[in-house]
1. Along the range 158-171, what does the Karplus equation 6.51 cos²θ - 1.76 cosθ + 1.60 (θ = phi - 60°) give for ³J(HN,Hα), rounded to whole Hz, x for Gly and Pro?
2. So who's got an amide H within less than 5 Å of the one on ALA234, skipping anything under 5 residues away but keeping other chains? H placed 1.01 Å off N, in plane.
3. Please compute the volume of the convex hull spanned by the alpha-carbon atoms of the chain and report it per residue in Å³.
4. Would you please classify the overall shape of the range 108-212 from the alpha carbon gyration tensor, given that a ≥ b ≥ c denote the square roots of the eigenvalues, rounded means a/c under 1.5, and beyond that prolate means a/b larger than b/c while oblate covers the rest?
5. If each residue of separation counts as 0.36 nm, what is the full-extension length gain between THR62 and SER286 once their alpha-carbon separation is subtracted?
6. Quick query: amide H of LEU401 versus all other amide H atoms, modeled in the peptide plane; which residues come in under 5 Å with a sequence gap of 5 or more or a different chain?
7. If one computes the Cα centroid of the range 3-31 and of the range 69-147, what distance in Å separates the two points?
8. Under a crude label model (7 Å from the Cα following the beta-carbon direction), how far is SER110 from LEU5 in nanometres?
Amino acid sequence: MNAPLPWLAPTRDTPVDAQVLVPGSKSLTNRALVLAALADGPSTLTRPLGSRDTQLMAAALTSLGAQVEKDGMTWRVTPLDRTSTAPVSVDCGLAGTVMRFVPPLAALRSAPATFDGDPHARRRPMGQTIATLRALGVEVDDEGRGALPFVVRGTGVVEGGPLEVDASASSQFVSALLLAAPAFANGLDLRHVGATLPSLPHVEMTVHELRRRGVEVDDSTPDRWVVAPGPIRALDVEIEPDLSNAGVFVAAAVATGGRMRVRGWPERTQQAGDAWRALVEAFGGSVERDGADLVFHGGSSIQGVDLDLHDVGELTPVVAALAALADGPSRLRGVAHLRGHETDRLAALATELNRLGGDVTETEDGLEIRPRPLHGAIFETYDDHRMAHAAVVLALRVPELFVENVSTTVKTYPNFAPVWERLVA
Ligand SMILES: O=C(O)C1=C[C@@H](OP(=O)(O)O)[C@@H](O)[C@H](O)C1
Ligand SMILES: C=C(OP(=O)(O)O)C(=O)O
């Protein structure tokens, strides 16, 4: 089949003034699915995200013996049948949450589970998933690759107890173990060792979601989490809008000096995307609450920024796009781990921004971006939804910018391009 033609993304020479209700959070939907699959009874998710990553998670849990019945905006999950002994194959796609969160669940069944994914998934860091499962006494067959594909040979019981992990390449190694830990015979006493842990809000989200379901978690010591063994209470939850994905719409307000109302922005949340409130101010814009919504205003110009994005790395591509449109130079730091994301995001951003005439250099842990007049070109996305988001933000101010494979956004956003076109064109 021929690849679809690159998509001409809309340009805008007047301020955007629009509102958006973004679909549910990927990170919350996939945590709710995993915890529902391990719970002591059926749970209902309202307004879950229905995108590639969450469909892959639902399919993975179904193959392990859970049931996920989808009825529009309501998904009903019946927990895993851990007595089933059929060998299974799990397609992880390019979803970090599936490739990291599901293997510990497979270890709780008495049957082999084979994990694989998209071609690039085989290059994402998985060594710590394999090493920690082995340290817990679980057999994992990876033929020495330290990466996908591999087979988890569960025996039905994981003893748990003290365990070390080096999660400097991804916070998901920690979250994955914490989510399964209540089902380990002795719970888990997990310590992160090594360089600093990225994406801490995502770990805090994991702890929060466990506690909401009655699980005891002690996180009073930095880089250590003690999870008590015991039941995970079934819980009906409404999934918050995805604030990281809201960021691309917020950026439209900043890029055009306009206004974007994001409906249903939670008052309190563990989502990394909540950082958009501070990021917009750093770029010279402002934000106000209006009832359940946040209204973002772009400033009269876009200021250059110097930001440590270690905690909120997934926001980097859209932040980099705004930095390339700013009045002055920017430095983005603390995001070396982005080299292990959907693609090497530091290399991809530098290459694509420079293709448009930009002046961007990669540093050891980030990017230096010196704004230059940009021109249209075909912007490659490398199967990375957030590279497509960066492209459409740039296109608002750069005519003739074509996005290669904009449909890669389906990873976390169904129907993104038509929604974007309707709101900003
Ligand atoms: O646990 C999660 O839901 C996520 C954790 C983060 O991963 P890293 O720590 O690998 O950056 C984040 O970037 C990813 O989009 C989602
Ligand atoms: C890093 C990301 O995804 P994943 O969950 O696949 O790691 C992301 O969505 O930016």
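1. The phi angles translate into 10, 5, x, x, x, 7, 10, 9, 9, 9, 5, 8, 6, 5 Hz.
2. Placed amide hydrogens put ASP40, GLY41 under 5 Å from ALA234.
3. That works out to 133 Å³ per residue.
4. Oblate shape, in that a/c is at least 1.5 and b/c is the bigger or equal ratio.
5. Length difference between fully extended and current span is 76.2 nm.
6. ALA9, ALA377
7. 30
8. For the pair SER110/LEU5, the computed spacing is 5.9 nm.
Every number here is computed from the coordinates shown, using simple stated rules; none is lab data. Keep in mind the model is a prediction, meaning the values are calculated, not measured. Glycine gets a Cβ as well: all are built from the backbone with ideal geometry, and neighbour counts include every protein chain shown.
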